[in-house]
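Right, one structure below, let's go through it.
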Amino acid sequence: MPSIRDQYSEIAAPAPATEATAGTRILDFLFTIDRPEILTPGFSIMDPFQQPVVQQVASAFYTRFYNDATPRLFLVGINPGRFGAGITGIPFTDPWALREKCGIESTLTGQRELSSEFIYLMIDRYGGAESFWRDCYVGAVFPFALIKGEKNINYYDDRALQTELTPFIVDSLHRQIAFGARRDIGIVIGTGKNYAYLSRLNAEHRFFERLIPIDHPRFIMQYRRKRLDEYLDRYVTTIHAALNGGLHDSVSISCRPARPISATI
């Protein structure tokens, strides 16, 4: 059985842009990308896009909010968790947010998820779902949920797993950028290991001219909730500054966590 590294040892350059919308490119990626078969023992992928209801939800979401070819600011998370994107297929979007904030009905059910709660509070402060998704795309370093036993894990939690996944990750990021990314700046969700890893890849592959880290919603909701308004404003200010070319490396946009982040996008 070929390893993931063998499968992705030759990374093709992104295809030239066509008249397709960002939404059709995203859906083509989600529905057709080859899922890596993980060889590192004990780990598995959770892929919601095999379910017809998730395919319908994703089609409705990306057709509604990405029905154009406008370049967007990219926010790059870690990898999906089981209770947000692992259910709906939409980053940082649990079934409640999908219905109440995005206006998309479905039969999906599940509990509120902390990261999703923060993101949609921020989206409300930004101006609502239409405004936010018009300006931004939220993706992930690794686009599928990772499971060990009954627990979510991050791609960087195991060194052997991270090494195995890296060729797939590089290919996946090239393909996501081809949706229509602004290349001058990318925002990394997570100031610790996610930022360090993506910075190393970016130095080699030049996905973006600059990367700016911002604290992960899970960290904020678990350890900084008393300062929630401050962090919501920080997200909105950072995104607006990045979109308008006013974000400088000297701008303080993060308080680095003293604890590891135990959840994903």
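The values are calculated or read from the model by the stated rules, or taken from the named source; none is laboratory data. As the structure is a computational prediction, the values presented were derived from the model and not from experiment. Cβ: placed from backbone, ideal geometry, glycine included. Neighbour counts: every protein chain shown.
How many of the residues making up the stretch 111-138 are surrounded by fewer than 16 Cβ atoms within 10 Å (Cβ to Cβ), not in a helix (DSSP H, G or I) and not charged (D, E, K, R)? Give the derivation first.
The first filter runs over the stretch 111-138 and keeps only residues surrounded by fewer than 16 Cβ atoms within 10 Å (Cβ to Cβ), leaving 111-112, 124-125, 127-128, 130-131, 134.
If we keep only those that are not in a helix (DSSP H, G or I) too, we end up with 111-112, 127-128.
Subset that is not charged (D, E, K, R): 111, 127-128.
Of the residues in the stretch 111-138, 3 are surrounded by fewer than 16 Cβ atoms within 10 Å (Cβ to Cβ), not in a helix (DSSP H, G or I) and not charged (D, E, K, R).
Residue by residue through the stretch 121-180, note down the ones that are of a type in the set (Asp, Glu) and within 20 Å of ARG25 (Cα to Cα).
Quick first cut of the stretch 121-180, residues of a type in the set (Asp, Glu) only: 124, 130, 135, 150, 157-158, 164, 171.
Across the stretch 121-180, the qualifying residues are GLU130, ASP135, ASP171.
Are any of the residues in the stretch 15-37 at pLDDT below 95 and buried (at least 22 other Cβ atoms within 10 Å of the Cβ)?
No, the stretch 15-37 has no match at all.
Would you check if PHE142 is surrounded by fewer than 24 Cβ atoms within 10 Å (Cβ to Cβ), within 28 Å of PRO71 (Cβ to Cβ) and either under 15 Å from the mean Cα position of the chain (by Cα) or among the acidic types (Asp, Glu) (or both)?
Numbers: surrounded by fewer than 24 Cβ atoms within 10 Å (Cβ to Cβ): no; within 28 Å of PRO71 (Cβ to Cβ): yes; either under 15 Å from the mean Cα position of the chain (by Cα) or among the acidic types (Asp, Glu) (or both): yes.
It is false that PHE142 is surrounded by fewer than 24 Cβ atoms within 10 Å (Cβ to Cβ), within 28 Å of PRO71 (Cβ to Cβ) and either under 15 Å from the mean Cα position of the chain (by Cα) or among the acidic types (Asp, Glu) (or both).
Among the residues of the stretch 162-190, which ones are under 27 Å from TYR231 (Cα atoms), surrounded by fewer than 20 Cβ atoms within 10 Å (Cβ to Cβ) and not aliphatic (A, V, I, L, M)?
ARG182, ARG183, ASP184 - these are the residues of the stretch 162-190 that are under 27 Å from TYR231 (Cα atoms), surrounded by fewer than 20 Cβ atoms within 10 Å (Cβ to Cβ) and not aliphatic (A, V, I, L, M).
Applying the selection to the stretch 221-233, what residues are assigned to a helix (DSSP H, G or I) and either surrounded by fewer than 19 Cβ atoms within 10 Å (Cβ to Cβ) or touching a Leu at 6+ places or on another chain (Cβ under 7 Å) (or both)? Break it down into steps so the answer makes sense when it comes.
First, the residues of the stretch 221-233 that are assigned to a helix (DSSP H, G or I): 221-223, 225-233.
Within the stretch 221-233, MET221, GLN222, TYR223, ARG225, LYS226, ARG227, LEU228, ASP229, GLU230, LEU232, ASP233 qualify.
Looking at the stretch 192-220, which of the residues that are of a type in the set (A, V, I, L, M) and crowded, with 16+ Cβ neighbours inside 10 Å is nearest to TYR120 (Cα to Cα)? It would help to see each step written out before you state the result.
Looking only at the stretch 192-220, we keep the residues that are of a type in the set (A, V, I, L, M), and these are 196, 198, 201, 203, 211-212, 214, 220.
Imposing the further condition that a residue be crowded, with 16+ Cβ neighbours inside 10 Å reduces the set to 198, 201, 211-212, 214, 220.
On the way: LEU198: 25, LEU201: 29, LEU211: 23, ILE212: 21, ILE214: 16, ILE220: 14 Å.
Step by step, filter the stretch 192-220, then rank; the result is ILE220.
Under 7 Å by Cβ, and 6 or more places apart or on different chains, what pairs join a residue from the stretch 103-118 that is within 17 Å of GLU230 (Cα to Cα) with one that is at pLDDT below 90?
Pairs that qualify, where the first residue is within 17 Å of GLU230 (Cα to Cα) and the partner is at pLDDT below 90, are SER115/GLY84; SER115/ALA263; SER115/ILE265.
Given the conditions (1) free of Cβ contacts under 8 Å to residues at least 24 places away in the same chain; (2) of a type outside the set (A, V, I, L, M, F, W, C); (3) not in a loop (DSSP other than H, G, I, E, B), which single one is not true for PRO41?
PRO41 satisfies all of (1) free of Cβ contacts under 8 Å to residues at least 24 places away in the same chain; (2) of a type outside the set (A, V, I, L, M, F, W, C); (3) not in a loop (DSSP other than H, G, I, E, B) except (3).
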